[in-house]
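In what follows, a structure is listed as structure tokens, so that the remarks can point back to it.
No value in this document is a laboratory result; all are computed from the given coordinates. All values reported here derive from a predicted model rather than from experimental measurement. Note: ideal-geometry Cβ built from the backbone for every residue, glycine included; neighbour counts use all protein chains shown.
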Amino acid sequence: MAQPAAVSTPTTPAVEIPTISVRQVLPWLAFFGLVALLAMYFVGAEQGATHLISGAGVHEWVHDGRHLLGFPCH
Ligand SMILES: [Zn+2]
């Protein structure tokens with residue numbers, strides 16, 4: 001009786017997951033957090049008594065975003 005030939009299974013190369021330390025991510029997290037806060041300010045509070053830029057240009061420019069995010073407007 002003949003032995004069946006050994007079936008070779010395809011080998012896949014080992015996948016190495018890169019490690020990213022908190023020290024590498026922290027500056028990007030701070031940067032994008034600051035940008036997000038700035039965007040949130042301009043969309044949500046840049047009008048009336050709290051405006052930094054005079055005129056209604058910023059308010060009109062972010063007006064649809066203000067309504068989309070549910071900030072009180074008019
Ligand atoms: Zn509005």
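Along the range 62-74 the Karplus relation, 6.51 cos²θ - 1.76 cosθ + 1.60 evaluated at θ = phi - 60°, assigns HN-Hα couplings of 9, 4, 5, x, 4, 5, 4, 8, x, 6, x, 9, 9 Hz to successive residues, with x for each Gly and Pro. Report note on the peptides 48-60, 7-19: ranked by the mean count of other C-beta atoms within 10 Å, highest first, their order is 48-60, 7-19.
As a proxy for reagent exposure, ranking ARG23, ARG66 by other Cβ atoms within 10 Å from fewest up yields ARG23, ARG66.
Placing dummy labels 7 Å off each Cα toward the beta-carbon, the span from THR19 to ALA36 is 2.6 nm.
Express in nm, to one decimal, how much length is gained between PHE71 and ALA49 on full extension, taking 0.36 nm for each residue of separation and deducting their alpha carbon distance. Don't jump to the answer; show the numbers that get you there.
Numbers: separation 22, 0.36 × 22 = 7.92 nm, distance 1.58 nm.
Once the chain is fully extended between PHE71 and ALA49, it gains 6.3 nm.
Going from the fewest other Cβ atoms within 10 Å to the most, the residues TRP28, TRP61 appear in the order TRP28, TRP61. Volume per residue for the chain equals 205 cubic angstrom (convex hull of Cα atoms).
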